[in-house]
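The values are calculated or read from the model by the stated rules, or taken from the named source; none is laboratory data. Everything quoted here is computed from the prediction, not taken from an experiment. Here the Cβ is made from the backbone with ideal geometry for all residues, glycine too, and neighbour counts use every protein chain on show.
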There are 2 protein chains.
Amino acid sequence: MTSLRVGIAGLGTVGAGVVRLLQDNAELIAMRAGMPVLVTAVSARDRGLDRGVSLAGLRWHDDARALASDADVDVVVELIGGAEGLAKSLVELSIAAGKPVVTANKALLAIHGTALAQAAEESGVVLGFEAAVAGGIPVIKALREGLAGNRISRVAGILNGTCNYILTVMRVEGKDFAEVLADAQALGYAEADPSFDVDGVDAAHKLAILAALVFGRKVDFEAVHVEGIRRINALDISFAEELGYRIKLLGIAQEAEAGVEMRVHPAMVPKAALLASVDGVFNAVLAQGDFVGQVFLQGRGAGAGPTASAVVADLIDIARGSNIPVWGAAGGLLSASPAVPISQHHGAYFLRLMVVDQPGVLADVTAILRDHGVSLESMLQHGRKPGEAVPIVLVTHETNEAAIEKAIARIAMLEAVLETPALIRIEPS
Amino acid sequence: MTSLRVGIAGLGTVGAGVVRLLQDNAELIAMRAGMPVLVTAVSARDRGLDRGVSLAGLRWHDDARALASDADVDVVVELIGGAEGLAKSLVELSIAAGKPVVTANKALLAIHGTALAQAAEESGVVLGFEAAVAGGIPVIKALREGLAGNRISRVAGILNGTCNYILTVMRVEGKDFAEVLADAQALGYAEADPSFDVDGVDAAHKLAILAALVFGRKVDFEAVHVEGIRRINALDISFAEELGYRIKLLGIAQEAEAGVEMRVHPAMVPKAALLASVDGVFNAVLAQGDFVGQVFLQGRGAGAGPTASAVVADLIDIARGSNIPVWGAAGGLLSASPAVPISQHHGAYFLRLMVVDQPGVLADVTAILRDHGVSLESMLQHGRKPGEAVPIVLVTHETNEAAIEKAIARIAMLEAVLETPALIRIEPS
């Protein structure tokens, strides 16, 4: 091969970014790839749109699936998005045609990753997805290759920049979720329909991918426990600060006694923890390996430039002849370790109650916790307002999720407890 | 090939760590490498020593060079150390014999890296050195592959854990260098002869390697400007805190107008900068790419486990058939961009003078700075002690190193200036 000929499907921000990167740094990339990496064909919905990059001389396919059979395309870059439909067909057709595929599509990988990895293995082609997780941070490469000698016991990450931005602004400006979301939408940092981000689905797709990778198991999105950030309010953020924590939406995959825990939820992390200091739209991943110890990576998790950087890294790897199994090991060798449900999670909890300030409430609450084997590390209540609603914050020692859920169900039934109790898991790092 | 047979030269802490990692995680590594990675032969000075790992069944060579010609060794791991002598011969002989080499030897790479890379290229074998820089952090892989699509304009790193530990303890405990060094030596965190670490030589070896990698140029240790941390005292650390900075020993490689700047020296970084928060023995690297933006990596830079993790990652890459040129591009394509001397550095400076507190001193000092075109951002002086020695701290705007050096030479000659002025470069991140 004297050059790597690339066909790009999808010319949105990221697609145009990939074209621009391959043009701007063509000489450098040719040097590092050992051959020129050239876009030869593209496909997108609107031919007329000005994308700020030159598409002169490129073959245009109205149907992206034609890239799979284009004899002048060596590798297909899928930037259409979505777990089904055109994106999925294009990736399947390309693999079947013996063409390597590079994609930024986390939903596709999280939901159909097992079948696609098997197809890629059978075809002997690369399925590159560095761009699918944490944007420009080379986290797939770091985990799958850089730390490949390690048994990884835990990966925790800030995997959604929109949520991290919202939580950061909520903390810094003391505002509530709805207000910050509206501002973020006005600024273009959040989508008009924000649910994919703020309900944790996007982070869960990425976490499912990371978990498959570090534990060498089939990707299992359905087994990821997912909670978003809508229920986080200014009050809890301010209590977190007071207790020495920051609230972050984390994706966590960790070894547990009975298998693998996979979860995405708001978590309190100690202010001194590495993940606590990651603010704004940045992403970060913290991995714990048995020999390497903790490795921490931080960078931009989205945007044209960072995502294009990851796509092009995969293209350069393909040009160099690299071919690593999608999940880091041949499909037949993947682990069958079961996913552990969140009810078996073991950890510490932050619990906030809104109660009527009257004698005996605290005694009732603590008695219920004691009856469920939940012991307390600390308690916070500010001032007294007899007869009025006041927040009480309880921090538990390590306990079982099932136990605390049962305790909370009983606490919620107390007459003096006015709202659904707020429960936030505490993570050590 | 049905297995990768490894010969290890040097069974110190790291060598024993590699043996242990390949034994402990044998199954996992075989899965990820696509074949078993087995130690078959070793060489070290003392056969009798208990290294805490089983060497049963391994062939023992009294002369490490015999590993190069051992027909049952596919890849040689060099952990002897030192830029010359046995380590160098072994690597040369192994490459000449067509065997890939993995090494943790930064001195060897920094000083003989160009010739060794050429030899490896001619022999068509891998020369892996992930373990040579920043221990367990997969920084070589991240820069050479993960960010390969980017033009990197700057890399800055905390590359020596001993120095970072000493500076951290100096800050936290308010002690002076000599005292903390003695404590560190007693604890085994610093060598009996600490000069390699505290004079910046070790960091400079690593920085030379990083610079070659990110700028695609021949490694050029001689062109690295090197200053160590012996001259840093508690007074400057406390002034740094007051001004909002932390003092770190940084290795920096950055594009300048006339070529490439490569330097290792104590630097003041803003407290909010990522590198400022890296404390103790940790290492970290911050890279600035044109498309990816800033990427930050942090982890353990030394020790048996982290270094073994990096060595084994290289072995797994070799088993998978990866073969990337040592400096990220074929030798004939490497850039000839010149190294820029430190005298051409452009930046802000922290300048501390010990002066006799008498009228007119400050007027003299500021007049000299003005005459050399150096303008001031701020000035600190605490209290007044007429007739006694007091520190004055000046922070400059961005200026030229040659200009400030000339100004300081004249300031040092003022009668009221009692000691050699302390000058510390300020870095933006």
Exercise. Restricting attention to the range A:374-429, and to residues there that are among the β-branched types (Val, Ile, Thr) and assigned to a loop (DSSP other than H, G, I, E, B), which single residue is farthest from the chain's Cα centre (by Cα)?
Worked result: A:374
For this session: Report yes if some residue within the range B:330-351 is part of a strand (DSSP E or B), surrounded by fewer than 23 Cβ atoms within 10 Å (Cβ to Cβ), without any contact (Cβ under 8 Å) to a residue 24 or more places away in the chain and more than 14 Å from chain A (Cβ to nearest Cβ); otherwise report no.
Result: no
Seminar exercise, completed: Of the residues in the range B:129-140, those that are hydrophobic (A, V, I, L, M, F, W, C) and facing chain A (nearest Cβ under 7 Å) number 1
For this session: Tell me which of these residue B:277 doesn't satisfy, since it passes every other one: (1) under 21 Å from residue A:271 (Cβ atoms); (2) buried (at least 20 other Cβ atoms within 10 Å of the Cβ); (3) out of contact with any Gly (no Cβ under 9 Å at 6 or more places or on another chain).
Result: (2)
For this session: Being in contact with a Ser or Thr (Cβ under 7 Å, 6 or more places away or on another chain) and farther than 19 Å from residue B:313 by Cα is the filter here, so list the residues in the range A:312-345 that pass it.
Result: none
Exercise. Would a scan of the range A:201-210 turn up a residue that is without any contact (Cβ under 8 Å) to a residue 12 or more places away in the chain, out of contact with any strand residue (DSSP E or B) (no Cβ under 9 Å at 6 or more places or on another chain) and either closer than 21 Å to residue A:401 by Cβ or assigned to a helix (DSSP H, G or I) (or both)?
Worked result: no
Exercise. Mind checking whether some residue in the range A:303-320 is free of Cβ contacts under 8 Å to residues at least 60 places away in the same chain, of a type in the set (A, V, I, L, M) and surrounded by 24 or more Cβ atoms within 10 Å (Cβ to Cβ)?
Worked result: no
Exercise. Cβ-Cβ below 7 Å, separation at least six or inter-chain, first residue in the range B:264-284 and assigned by TED's automatic domain parsing to the domain that holds residue B:209, second in a loop (DSSP other than H, G, I, E, B) and aromatic (Phe, Trp, Tyr): which pairs?
Worked result: B:281/B:189
Problem set entry | Test for residue B:267: is it modelled with pLDDT of 95 or more, touching a Lys or Arg at 6+ places or on another chain (Cβ under 6 Å), more than 8 Å from chain A (Cβ to nearest Cβ) and surrounded by 23 or more Cβ atoms within 10 Å (Cβ to Cβ) | yes
For this session: Determine whether the range A:141-163 contains at least one residue that is part of a helix (DSSP H, G or I) and away from chain B (no Cβ under 14 Å).
Result: yes
Seminar exercise, completed: Picking from B:125, B:180, the residue that is in a loop (DSSP other than H, G, I, E, B), away from chain A (no Cβ under 14 Å) and not small (Gly, Ala, Ser) would be B:125
Exercise. Residues in the range B:101-121: is at least one among the acidic types (Asp, Glu), modelled with pLDDT of 95 or more and surrounded by 24 or more Cβ atoms within 10 Å (Cβ to Cβ)?
Worked result: no
For this session: Inspect all residues belonging to the range B:354-365 and state whether any of them is surrounded by fewer than 19 Cβ atoms within 10 Å (Cβ to Cβ) and within 25 Å of the chain's Cα centre (by Cα).
Result: no
Exercise. Considering only residues of the range A:55-85 that are of a type in the set (A, V, I, L, M) and touching a residue at least 60 places away in the same chain (Cβ under 8 Å), which is nearest to residue A:305 (Cα to Cα)?
Worked result: A:79
Exercise. Among A:364, A:279, which is in a loop (DSSP other than H, G, I, E, B), among the acidic types (Asp, Glu) and more than 9 Å from every other protein chain (Cβ to nearest Cβ)?
Worked result: A:279
Problem set entry | Failed item, numbered, when residue A:255 is tested on (1) without any contact (Cβ under 8 Å) to a residue 60 or more places away in the chain; (2) touching a Ser or Thr at 6+ places or on another chain (Cβ under 8 Å); (3) more than 7 Å from every other protein chain (Cβ to nearest Cβ) | (1)
